[in-house]
Structure formats: C-alpha cells, structure tokens
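The values are calculated or read from the model by the stated rules, or taken from the named source; none is laboratory data. Just so it is clear, the structure is predicted and the values come from calculations on it, not from any experiment. Cβ: placed from backbone, ideal geometry, glycine included. Neighbour counts: every protein chain shown.
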Ligand code: HEC
C-alpha cells in the first residue's frame, strides 16, 4: 500500500513539473497585478482622457504593467513583432485615449474569434492609464 502511494506521488510530481514547465515556456500567461502606489487614485468613474499623461511615475509603473500583461502579444518595449498592433502608433489625443480604454477594458473579438482578453475585472483604471502614459512615451522610430 505504501509503495503504491509512493508511485502515485511520483507520477503526480512528474505531471506537475510538466505543467509548470509548459507554463514557463509560454511566458506570463496569467494577468499580473500592477502596483499603482504613488499615483493619484481615480475612483470608480472611468475617465475619458488620460489623467497621467506625461507623468514620470505613471510612465515607470506603466512600463512594468505593459511588459507583464501586454508585451507577450504587442511586443517587448511596445515594439510589435506583428501578431498584434504596435501600440506606439495610437492617436496621442483624447480620441486615442478613448479607443485605448475601450479596447483594454473589453478586449477584442473579431468575427467571433477571440483576439485579446478584457482587462476590466483584473486591472485597475490607474494601471490602464499608466500603461497608456508609458506607450505615449515610447519613441516611434
Ligand atoms: C492575447 C494577446 C493580447 C494581449 C495579452 C493584449 N492584447 Fe491588445 N490586442 C491584441 C490583438 C490581436 C489586437 C487587434 C485586435 C483587432 O484585430 O482589432 C489588439 C488590440 C489592441 C488595441 C487596439 C489597437 C489598435 O490599433 O486599434 C489596444 C489599445 C490594445 N490592444 C491594448 C492592449 C493592452 C494595453 C494590453 C495589456 C494590458 C493588451 N492589449 C494585451 C492582442 C492582445
């Protein structure tokens, strides 16, 4: 009996290691929390325009938030490798802010095909605008 338990434990351990390795090979597949300490809290209501535009703290927080949650599709440092749009080229005005927030909150499903997950329930408004500030700070050449 003891022996059988041991065999089962080994099998389970091997299976778990396999899963862990697979997850690592695909990079960060689960959304990562973004620490927004240092940013002015924005409350419940969604802002229409980026309240942190040009704010150095927001840009720094946005860089890490972006690289942990968006880079696997949109490219490291904001430079797209081609599977998703290059976000450095979004309009840098209120219409760009509006489009950015809509996409990040609701994600993207095109012709019934899932393209991008919605971040509304997993990321704060503060984190989203910090990421927007970071992207706007990225050079486009
Ligand atoms: C699973 C891959 C994936 C992840 C993760 C992802 N996106 Fe996307 N995103 C896409 C794809 C694909 C599109 C293009 C959808 C389409 O065809 O309209 C897109 C579109 C967008 C757009 C609209 C771009 C445009 O030019 O119209 C914005 C803004 C955006 N994503 C922001 C983000 C941000 C910010 C994050 C991280 C918080 C993120 N995305 C995470 C795949 C992803």
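Among what's in region 112-131 and is within 9 Å of the ligand (Cβ to nearest atom) and in a helix (DSSP H, G or I), pick the residue that is surrounded by the most Cβ atoms within 10 Å (Cβ to Cβ). Here the residue is 131. Listed by position, the helices (runs of 4 or more DSSP H) inside region 1-103 whose residues that are outside the structural domain of residue 116 (by TED's automatic domain parsing) and modelled with pLDDT under 85 number at least 1 are 2-25. Candidates 109, 140: the one that is more than 8 Å from the ligand (Cβ to nearest atom), free of Cβ contacts under 8 Å to residues at least 12 places away in the same chain and surrounded by fewer than 15 Cβ atoms within 10 Å (Cβ to Cβ) is 109. Checked against the criterion of being within 16 Å of the chain's Cα centre (by Cα) and farther than 21 Å from residue 31 by Cβ, the candidates 88, 103, 72 yield just one match: 88.
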